[in-house]
Amino acid sequence: MIKTIIATTEVLDNVYKAINEILGSLNLKKNLLKNSVGIISCHADFIESGVVKNLCTALPFDCIGATTCLCSAGNRTSQMMLAITVLTSDDCSFETVEIPVIENHEDAVKAKLSPLLEKSQEKPALILSYFPFLITVGGDMLINAIDKVTGGIPLFGTVAFDIRENYSASRTIHNGISSPESVVLCLVRGNLKSTFLGTSNCTFEITTLETKNIGHKATITESKDNILIKVNDQPVLKYVEKYELKREELHLGYLPLILDNNDGKRTIARSLITVTQEGYIACGGTMPEGSSVSFGRIDGFAVINTTEKALKPLLDKDHFILSYSCMARYLAMGVNSLAEAEKVKEIVGNGKYMYACSAGEICPLPDKWGNLKNVFHNYTNVFCRIG
């Protein structure tokens, strides 16, 4: 079994006070079991003020996590908050690792992750995953690199996010050290079923949400990894013109690109990160040539409706809900930007949860044979139920 302890603080300018508030809520002496790990979601200012570093120093276990522009936990929702969830267990173990991936990400993942897998005969049941926000390395490229080493162990997590210009303060977190270019992972071992369903000592149930496709399909005729160059043999910005979109609108995250690899699997959404100097579009994940693509749109009603529909079946008073929602869903709510977080809080009620905005969501989906395959998402809200 995994026990969950949650603490939050909005104290930014007094490190001593912030740490005491969190430690008081966690009550570690009473609540900790044999093995533990902390999961942090916070505004980047909590890193700059020293709260994150000092908190991790004060805790007797590893901590992982990422920056965000909004989080909700422990019945508290705020854009300027730090939330920490402690997973603690007598029969599950937690092992963390940080992997710089700005150069040669496949070799870096293999060099760091392989030794952790080889030193134990027990295969991890889950890898909690926190990716950096990188223009040049798409999230699914990182997932593919990890899958090559692990053989497809389920991954669940998020991409670091920050609301500042160019997302410049986006950071992953590992034991108090923040990084703009490191993947941070936690290998969870224990008596877990690989299907992530059932009533084993620790069970995880996963779901994801979709966006509404409103565009007409076109074909990607030239791309390089996550860089979209030509669509229907036209320069990508020429393709965009028929939607009467302004160039600056391609930076906002409101418009999903709905990607269909034409392989019989479900479509996925990809974010438009930026327009490059060459006039290409950098996307949140790989855009394979020959795939079909169309514009979608996301609206506030769909955000709330899909979250409610997905979350309600997961509820259980003895479980913890970990939720990561795309920043585009947050932006789609306009002036009511807290609405999705508040809806999660309302639905969970007295249960335990942590919700945070994301620049990319990491969550497995079943293939047509029912086998879980790791997928990198944009524009979704993903849930992991832990108990």
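Read-outs: derived from the displayed coordinates by stated rules, not from any lab. In this text the structure is predicted, and so the values were computed from the model without any measurement. Every residue, glycine as well, gets a Cβ built from its backbone with ideal geometry; the counts of neighbours run over all protein chains shown.
May I ask for the distance between the Cα centers of region 273-294 and region 34-54, given as a whole number of Å?
Distance between centres, Cα-based: 33 Å.
So which trypsin sites (Lys or Arg not before Pro) in region 88-141 are both in a DSSP loop and have at most 13 other Cβ atoms within 10 Å of their Cβ?
Qualifying residues, ordered by number: LYS119.
Classify region 237-387 from the C-alpha gyration tensor, please: rounded if a/c falls under 1.5, else prolate or oblate depending on whether a/b exceeds b/c. Please list the in-between numbers first.
Numbers: a/c = 2.54, a/b = 1.49, b/c = 1.70.
Cα axes put region 237-387 in the oblate bin.
Please list, ordered by chain and number, the residues whose modelled amide H lies under 5 Å from the amide H of MET333; skip anything fewer than 5 residues away on the same chain.
Close amide H contacts, sequence-distant or interchain: none at all.
Once R0 is set to 56 Å, what does the formula 1/(1 + (r/R0)^6) return for the Cβ-Cβ distance between ASN350 and THR136, expressed as a FRET efficiency to the nearest 0.05?
According to the calculation, E is roughly 0.80.
Grab the beta carbon distance between GLU278 and GLU181, set R0 = 22 Å, and tell me the FRET efficiency rounded to 0.05. Could the numbers behind the result be given before it?
Details: r = 23 Å, r/R0 = 1.04.
That gives a FRET efficiency of 0.45.
When the Karplus curve 6.51 cos²θ - 1.76 cosθ + 1.60 is applied with θ = phi - 60°, which whole-Hz ³J(HN,Hα) does each residue of region 328-343 get, with x for Gly and Pro?
These are the phi-based 3J(HN,Hα) values: 5, 5, 4, 5, 5, 7, x, 5, 9, 5, 8, 4, 5, 4, 5, 5 Hz.
Please list the non-local residues whose amide H lies under 5 Å from the amide H of ALA169, H modeled 1.01 Å from N, same-chain partners needing a gap of 5 or more.
Excluding prolines and chain starts, which carry no amide H, the hits are ARG164.
Say the cut-off is 21 Å between C-alpha atoms; which of LYS317/LYS345; LYS352/LYS373; LYS217/LYS242 go over it?
Where the Cα-Cα span goes over 21 Å, the pairs concerned are LYS352/LYS373.
If you take the charge dipole of the chain about its Cα centre, with +1 on Lys and Arg Cβ and -1 on Asp and Glu Cβ, which of LEU126, MET1, ASN14 is farthest toward its positive end?
Farthest towards the positive pole: MET1.
How would you rank ARG385, ARG76, going from fewest to most other Cβ atoms within 10 Å of each one's own Cβ?
ARG76, ARG385
Residue by residue through region 81-86, which ³J(HN,Hα) values in whole Hz follow from phi under the Karplus form 6.51 cos²θ - 1.76 cosθ + 1.60 (θ = phi - 60°), with glycine and proline marked x?
Rounded to whole hertz, the list is 8, 10, 10, 10, 10, 9.
How large is ³J(HN,Hα) for each residue in region 366-381, as worked out from phi by the Karplus curve 6.51 cos²θ - 1.76 cosθ + 1.60 (θ = phi - 60°), to whole Hz, x for Gly and Pro?
Taking θ as phi minus 60°, the curve returns x, 7, 5, 9, x, 8, 5, 10, 5, 9, 9, 10, 10, 6, 10, 10 Hz for region 366-381.
Normalised by the residues of the chain, what does the relative contact order come to in percent, with Cα pairs under 8 Å and at least six apart? Working shown, then result.
Numbers: 963 pairs, mean separation 73.4, N = 387.
Relative contact order, the chain: 19 percent.
Search the structure for amide H atoms under 5 Å from the amide H of MET80, placed 1.01 Å from N in the peptide plane, and list their residues when 5 or more places away or on another chain.
Close amide H contacts, sequence-distant or interchain: none at all.
Taking loop as defined by DSSP and a crowding limit of 11 other beta carbons within 10 Å, which trypsin sites (Lys or Arg not before Pro) in region 278-340 fit?
Hits after loop and neighbour filter: LYS317.
Going by alpha carbons, how many degrees (0 to 90, nearest 10) lie between the helix axis of 105-118 and the longest principal axis of the chain?
That helix lies at roughly 30 degrees to the long axis.
Can you pull out the trypsin sites (Lys or Arg not before Pro) in region 18-55 whose DSSP state is coil and whose Cβ has at most 11 other Cβ atoms within 10 Å?
Here the sparse-neighbourhood loop sites are LYS34.
Looking only at GluC sites (Glu not before Pro) in DSSP loops with at most 13 other Cβ atoms within 10 Å, what is the longest site-free stretch of the chain?
The answer is 123-243.
Send over the semi-axes of the chain's equivalent ellipsoid, whole angstrom and largest first, taken as the square roots of 5 times the C-alpha gyration tensor eigenvalues.
32, 23, 20
Please work out how much length the chain gains when fully extended from ASN54 to SER292, using 0.36 nm per residue of separation minus the C-alpha to C-alpha distance, in nm with one decimal.
Contour length minus Cα-Cα distance gives 80.9 nm.
State the extension gain, in nm to one decimal, for the chain segment bounded by GLU342 and LYS224, taking 0.36 nm per residue of separation less the distance between their alpha-carbons.
Taking 0.36 nm per residue and subtracting the Cα distance, the gain is 38.6 nm.
May I ask you to sort PHE301, PHE376, PHE61 by Cβ crowding, counting other Cβ atoms within 10 Å and putting the fewest first?
Placing the least packed residue first, the sequence is PHE301, PHE61, PHE376.
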